[in-house]
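The values are calculated or read from the model by the stated rules, or taken from the named source; none is laboratory data. Being a predicted model, the structure only gives us computed values, none of them experimental. Positions of Cβ are backbone-derived with ideal geometry, glycine not excepted, and every protein chain shown enters the neighbour counts.
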């Protein structure tokens, strides 16, 4: 018997109610995939600094953080609802609430829809209709285009699914300015091109999971060498987009982006060379998680530099 079950059996009725309530809250939070929400906010908040060319409005910042978290949580909860059949097959996702039956499918659906409605309404009421419209479009794209169509039918789902992953920078810029600009487009491009090398590094490790679930992720249907060759291409496009921001973000940002980009490119090229040797040896020993973790550091550093560059200018 687990420690949680022991505590539950020994608890009073009131304590059991609190334990059940706590477990329910944790399950609904897990539906929102907090780590992904955090990653989206890492790009959205620094975008506000660049849009304002300094310290952003406190109100708009709060709306972007809260509304962005609700919108991302909505998309993720609806994703869990739609993907509950394949989540049950994959080891990596077998602990999700719908798989473990800690949340009923209908409850997850209602929860996801409500979060989305609140997020869009918050942006509409506190910022502007452009930001609200982009928020609604991002949720719909992730749920319908990516989850229901691309993910189960094409090996390029990671690339085109990157549209919704990069959308928070456009939403943040629109919330701050009521419009979009070339700077916002370049920030979007950085995140868009970052996603394939980032996620494919993870998918290579878990490709048997995706194969078992029938998901035609690129690492499932193509040799690892080809996956990493495409990762090299998208990494160069990502770095090029980041360096093109110099006119708006300034020299400090440019220096940080150049160094971070050089480190990232060195790692993805190293992996590509290693994949050729591994393929020649007939082995399957390539470890890509170092690139996955490095990509998280890269995105954080580059967008922190966006905020710092805006403040210094």
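Tell me yes or no: at least one residue of the stretch 165-186 is at pLDDT below 95, crowded, with 17+ Cβ neighbours inside 10 Å and in contact with a helix residue (DSSP H, G or I) (Cβ under 7 Å, 6 or more places away or on another chain).
Just the residues of the stretch 165-186 that are at pLDDT below 95, to begin with: 165.
Filter once more, keeping what is crowded, with 17+ Cβ neighbours inside 10 Å: 165.
Then drop every residue that is not in contact with a helix residue (DSSP H, G or I) (Cβ under 7 Å, 6 or more places away or on another chain), which leaves 165.
Scanning the stretch 165-186, I find at least one residue that is at pLDDT below 95, crowded, with 17+ Cβ neighbours inside 10 Å and in contact with a helix residue (DSSP H, G or I) (Cβ under 7 Å, 6 or more places away or on another chain), so the answer is yes.
Exactly one of these conditions fails for residue 110: (1) farther than 29 Å from residue 211 by Cβ; (2) surrounded by fewer than 16 Cβ atoms within 10 Å (Cβ to Cβ); (3) in contact with a helix residue (DSSP H, G or I) (Cβ under 9 Å, 6 or more places away or on another chain). Give me its number.
(3)
May I ask you to verify whether residue 191 is closer than 23 Å to residue 135 by Cα and assigned to a helix (DSSP H, G or I)? Walk me through it before giving the result.
On the way: closer than 23 Å to residue 135 by Cα: yes; assigned to a helix (DSSP H, G or I): yes.
In short, yes.
Looking for whichever is in contact with a helix residue (DSSP H, G or I) (Cβ under 6 Å, 6 or more places away or on another chain), at pLDDT below 95, surrounded by 22 or more Cβ atoms within 10 Å (Cβ to Cβ) and within 24 Å of residue 91 (Cα to Cα) here; the options are 220, 224. Which one fits?
On the way: 220 fails: surrounded by 22 or more Cβ atoms within 10 Å (Cβ to Cβ).
Answer to the check: 224.
Evaluate the following for residue 20: is it part of a helix (DSSP H, G or I) and free of Cβ contacts under 8 Å to residues at least 40 places away in the same chain? Spell out the reasoning first.
Numbers: part of a helix (DSSP H, G or I): yes; free of Cβ contacts under 8 Å to residues at least 40 places away in the same chain: yes.
So residue 20 passes the test.
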